[in-house]
4 protein chains.
Amino acid sequence: MKHYLNGIFPPITTPFNSDEEIAFDKLKLNLSRYDKFNLKGYVVFGSNGESVFLTREEKIKMIATVREHTDDAKLVIAGTGSDSIKETILLSNEAAKSGADYVLVITPSFFQKGMSHEALLSYYLCLADSIKIPLIIYNVTKFTNVNILAETVSELSSHQNIVGIKNSTENIAELYEIVNIVPNNFSVLAGTGSVLLPGLQAGCVGGVLALANIAPKECLDIHKKYVEGRFDEAKEIQNRILALNKAVTATYGVAGLKSSMDMLGYYGGLPRKPLQPLEPKQKKEIENLLIKAKLLN
Amino acid sequence: MKHYLNGIFPPITTPFNSDEEIAFDKLKLNLSRYDKFNLKGYVVFGSNGESVFLTREEKIKMIATVREHTDDAKLVIAGTGSDSIKETILLSNEAAKSGADYVLVITPSFFQKGMSHEALLSYYLCLADSIKIPLIIYNVTKFTNVNILAETVSELSSHQNIVGIKNSTENIAELYEIVNIVPNNFSVLAGTGSVLLPGLQAGCVGGVLALANIAPKECLDIHKKYVEGRFDEAKEIQNRILALNKAVTATYGVAGLKSSMDMLGYYGGLPRKPLQPLEPKQKKEIENLLIKAKLLN
Amino acid sequence: MKHYLNGIFPPITTPFNSDEEIAFDKLKLNLSRYDKFNLKGYVVFGSNGESVFLTREEKIKMIATVREHTDDAKLVIAGTGSDSIKETILLSNEAAKSGADYVLVITPSFFQKGMSHEALLSYYLCLADSIKIPLIIYNVTKFTNVNILAETVSELSSHQNIVGIKNSTENIAELYEIVNIVPNNFSVLAGTGSVLLPGLQAGCVGGVLALANIAPKECLDIHKKYVEGRFDEAKEIQNRILALNKAVTATYGVAGLKSSMDMLGYYGGLPRKPLQPLEPKQKKEIENLLIKAKLLN
Amino acid sequence: MKHYLNGIFPPITTPFNSDEEIAFDKLKLNLSRYDKFNLKGYVVFGSNGESVFLTREEKIKMIATVREHTDDAKLVIAGTGSDSIKETILLSNEAAKSGADYVLVITPSFFQKGMSHEALLSYYLCLADSIKIPLIIYNVTKFTNVNILAETVSELSSHQNIVGIKNSTENIAELYEIVNIVPNNFSVLAGTGSVLLPGLQAGCVGGVLALANIAPKECLDIHKKYVEGRFDEAKEIQNRILALNKAVTATYGVAGLKSSMDMLGYYGGLPRKPLQPLEPKQKKEIENLLIKAKLLN
């Protein structure tokens, strides 16, 4: 029963129509394309899923739709966390009913300074006791301004319903620290494309990568070649996608990711308000990076 | 029709029973005591109202209960903001139905770096068009890591349904900047007790002050003496409550505020999880500060 | 012997020729103009004096030149601090020999996280024992990323050779805190033009203001009108210079300040490398702000 | 003439006697022990060399002493940077005269917000033209709050006198970015022990590691095993020293590093003021970490 989570998971985007309502038909189209790759599954509502802009009802419908329209063999991980323990339990158990296999729960963050070791323990333990499917911790300091300590992860890893962590850090020392302190059957997942190879070398079993929305093959290849011990080939791909990864995450965020999806034949569309669309010049820059990464001619 | 919002508003705390459910009876007791003061009204769900830990349904019930159990002359301002425009409109219009007079809407913050001038304009204008009661902007950088610019506030102030801002900054230059750039009938409210007097001197018309939960008379006196031109007396009180204000906001947050309420005969109780209770030593420190501020013997 | 430091002090800029050597003749010209105002004295080497770009020998010559070429009645405060206690003592005692009346000593900052209460106590007490003229603490968090606590200032204020603090914060609560905790004969000075009036209202006795390099009369008038109790007139001036003050400090820094000096007939010139000159568009913006502040037609 | 800098360099500490004067005899003792290892050379005045607390004269004497008392085959890299270009050139050429092989120059940082691409280019190009020995860039954001971009490093790498960078980041993506953008004969060095192995995997040629002051053999072994392709063995050592590395850098800084040197038979002693000594409890923690890392019985 170990390492269920080894592999690559795109945290899919939420497509919107021009009226800013969810475009479920476009979602299905994207999923039908993704299903052809050897992806381990999908994360519905990582950060770039824009869940913070959705109502509870919309979130539930998104999760159910993804489950319904993907291959049964693919895992569905639902991002259900918020500062509210009550709301997180409610949404998580709805996600379970809709067929999600795991929940991914972001660290609470509104009262940043209060998110001590004890506070995070109390938060996750309370959830893990009440949610009917296994829980994956989600650490993403650039959005939350909270950074869960390796010690806290270690303590949480002893709860049988807490099975892994997605850590979006680029700080490789933190990934080494966590891998070293948790049991073997606790899955550590890299959280951004720029650290996929070094993360695997540190002991991560896979990655939840925004980049996998536009470069699923490249992400899968890095993983495959790493597993096969072909490190130089893995590194060549890793280096090739580095600048692109930065553009569609740190630099241009969701709007950049969606814009690049449009250029590659997926449906990206615009982010929901208040996020702003890209300028034409920014799109051109992304196009150039797609070409350099050999994703576009 | 100008300056509706001149005066002092406590952002009330949400009382919980030992099972972490809302203690509505305790809420009513607190309100009956607060009603005896010359407060202008109440904010339900400022930051220390812990709204991030509540479900939508709980929030609506809190707002309705406050409206029902306070003097009709008191204004009720409901904090309804979240990153989601849809959810904010929904909750705000429910608040209006329950009798709230204004909504207080925090800046969206999850995608901090994306919260540009344009993004914040689009967010607030969209809300102001759809919410049936007047909107007050809420800027609280220490929690959101977003700081709305004076220029943005200025542009928003021209919308007839955006009537004021609560700015929790201690940066007095920012308060001067905003007061100078908005029309006279747009209300700027100080957002923490430590800047009440300097804020009034800058042109704020009042304050939404956590401190007013435990020292309503002192806050009202600073305001009154300022209005009467008795600056030295106002300053004496301002200085007297300075250390206490820091303890129940920056240093110990909600747990500190609630603990001091308990010491003064209000019902404070514990914060909801994941916030942690104070240590006995910390309570003792707060007790000493209450004594020094002459709120306790 | 109380309040030696009441009044306005421009932290003068260091003028450079086109070869980046100090332009002592230009310095004298500037000083001869400043001497006509009722300024209390000069700070040689506040942050915008660019002392970090000068060698020890250059610093000593600057201090000596300022003392020699200003009215005897003006106080000369020499900024002599660095992380090195040895170097600071050496430079401070050279400054004393050259006729400086006070030294202004910035908090050490390289090992930011190590600059605890104890570390700052040990630093300043060690200096105060060894420097032959009185010492003024200099707190400027935006450059040092260190913020001295009111408690630390309080403890230091009991040393007879530590006589004041220049605090460049715009956080008015911190100024109130410090004023409240130090003895009456310890001078608290506002450190930026945007907080001059609120700082005086908090109990500051004057200010060390970059703005006083270009608007000495306005700074002096705010102070004078405050002392005379003409608060509305003081506030009118305070508001008038607010946007300009931001441009020549936070937004454009030394290059902006020097550029505005050139526009007003002082010698500004360029900052030393690595600081970069302004773009023409930026200069135009400053020109407009000078006009709006009624310093230029 | 490529890759002069492949290998491990301890950035040595500066030993002080109880009167806080430099203990040159202790320095020689330490060096005589270090010389027995296969270290590539020494950095005099990395951050933990406490150069910010030394006068110019003391720095020159330290550099000369190290050169004089180490094996001729060892490279001596002198940390000579400060915000002042003039001072840096002066000190660097003195270091060259004293026999230093390279200078290591930290990014200027006082005017953090002004340290743009252009500013950093002008700084380093100006130095590289005037310093008689090759220059290594030193990026250490945790102390400077400045982070040099890969693009800037790339542009600087085309100057023949700029030959490498020590980057103390733990952000592995940044190391990949830099390695990818610079020519092969430009040396990228890891700057902290926690990223030695992943840094080498990214393409770093070695490391300047505080940890090498106490664990030279372990650092050398990680490097050696990496070169030999024995990644699992390298990783075992990397993981073994991870917690210790954190303690003697991020957590306890110079005081922690020196304290651990004392425990291992080197001379550590106390840091210079204003840095504070460790508490006994903190020393005990370090002792335990030394035992866990198998450096102490």
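The values are calculated or read from the model by the stated rules, or taken from the named source; none is laboratory data. Computed from a predicted model, the values in this text were never measured in an experiment. Glycine also receives a Cβ, built like all others from the backbone with ideal geometry; neighbour counts cover every protein chain displayed. Ligands, DNA and RNA are stripped out before the accessible areas are found, and what is left, the full protein with its side chains, is counted by its heavy atoms. Shrake-Rupley method; radii C 1.70, N 1.55, O 1.52, S 1.80 Å.
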- Message: Could you list, ordered by first residue, the pairs with Cβ atoms under 7 Å in which the first is in the stretch D:20-34 and within 13 Å of D:E58 (Cα to Cα) and the second is among the β-branched types (V, I, T) and crowded, with 19+ Cβ neighbours inside 10 Å, at least 6 apart or interchain?
- Response: D:I22/D:T14
- Qualifying positions in the stretch D:125-140 - crowded, with 22+ Cβ neighbours inside 10 Å and either within 9 Å of another protein chain (Cβ to nearest Cβ) or out of contact with any strand residue (DSSP E or B) (no Cβ under 8 Å at 6 or more places or on another chain) (or both): none
- Considering (1) within 27 Å of A:N185 (Cα to Cα); (2) within 13 Å of the chain's Cα centre (by Cα); (3) within 14 Å of another protein chain (Cβ to nearest Cβ), say which one A:T13 fails and leave the rest. (1)
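Hey, which of the helices (runs of 4 or more DSSP H) in the stretch A:141-204, taking only ones fully inside, have at least 2 residues that are more than 12 Å from chain D (Cβ to nearest Cβ) and modelled with pLDDT of 95 or more?
Working: elements: A:141-144, A:150-156, A:172-181, A:196-202.
The qualifying helices (runs of 4 or more DSSP H) are A:141-144, A:150-156.
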- Out of B:F24, B:F16, sole residue that is closer than 19 Å to B:K273 by Cα, in contact with a Leu (Cβ under 7 Å, 6 or more places away or on another chain) and not charged (D, E, K, R): B:F16
- Before we move on, is B:S122 in a helix (DSSP H, G or I) and more than 10 Å from chain A (Cβ to nearest Cβ)? no
- Which of the residues spanning the stretch A:53-67 are more than 11 Å from A:T14 (Cα to Cα) and not in a loop (DSSP other than H, G, I, E, B)? A:R56, A:E57, A:I60, A:K61, A:A64, A:T65, A:R67
- Look at B:G265 and say whether it is at positive phi and either basic (K, R) or in contact with a strand residue (DSSP E or B) (Cβ under 9 Å, 6 or more places away or on another chain) (or both). no
- Message: Let me confirm something: among D:L75, D:L39, which residue is more than 23 Å from D:L264 (Cα to Cα) and either among the hydrophobic types (A, V, I, L, M, F, W, C) or in contact with a Ser or Thr (Cβ under 9 Å, 6 or more places away or on another chain) (or both)?
- Response: D:L75
- Breaking point among (1) within 16 Å of the chain's Cα centre (by Cα); (2) away from chain B (no Cβ under 14 Å), for A:S82: (2)
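Quick one: would you say C:T55 is closer than 21 Å to C:G99 by Cβ and away from every other protein chain (no Cβ under 11 Å)?
It is false that C:T55 is closer than 21 Å to C:G99 by Cβ and away from every other protein chain (no Cβ under 11 Å).
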- Residue check for B:G229: within 12 Å of chain C (Cβ to nearest Cβ) and farther than 22 Å from B:L104 by Cα: yes
- Task: Considering only the stretch C:226-269, state which residues are assigned to a loop (DSSP other than H, G, I, E, B), open to solvent by 50 Å² or more (accessible area, probe 1.4 Å) and either in contact with a Lys or Arg (Cβ under 7 Å, 6 or more places away or on another chain) or modelled with pLDDT under 95 (or both).
- Result: C:Y267
- Query: Which of (1) open to solvent by 10 Å² or more (accessible area, probe 1.4 Å); (2) touching a residue at least 60 places away in the same chain (Cβ under 8 Å); (3) within 26 Å of D:K142 (Cα to Cα) does D:K59 not meet, given it meets every other one?
  - Reply: (2)
- Query: Which ones in the stretch A:68-116 are touching a residue at least 12 places away in the same chain (Cβ under 8 Å), open to solvent by 20 Å² or more (accessible area, probe 1.4 Å), small (G, A, S) and assigned to a loop (DSSP other than H, G, I, E, B)?
  - Reply: A:G81, A:S82, A:S98, A:G99, A:S109
- From the option list D:L156, D:L120, D:L175, D:L197, single residue qualifying as within 30 Å of D:T70 (Cα to Cα), open to solvent by less than 20 Å² (accessible area, probe 1.4 Å) and aliphatic (A, V, I, L, M) is D:L197
- Query: Is at least one residue of the stretch C:182-193 within 30 Å of D:P108 (Cβ to Cβ), out of contact with any Gly (no Cβ under 6 Å at 6 or more places or on another chain) and open to solvent by 30 Å² or more (accessible area, probe 1.4 Å)?
  - Reply: no
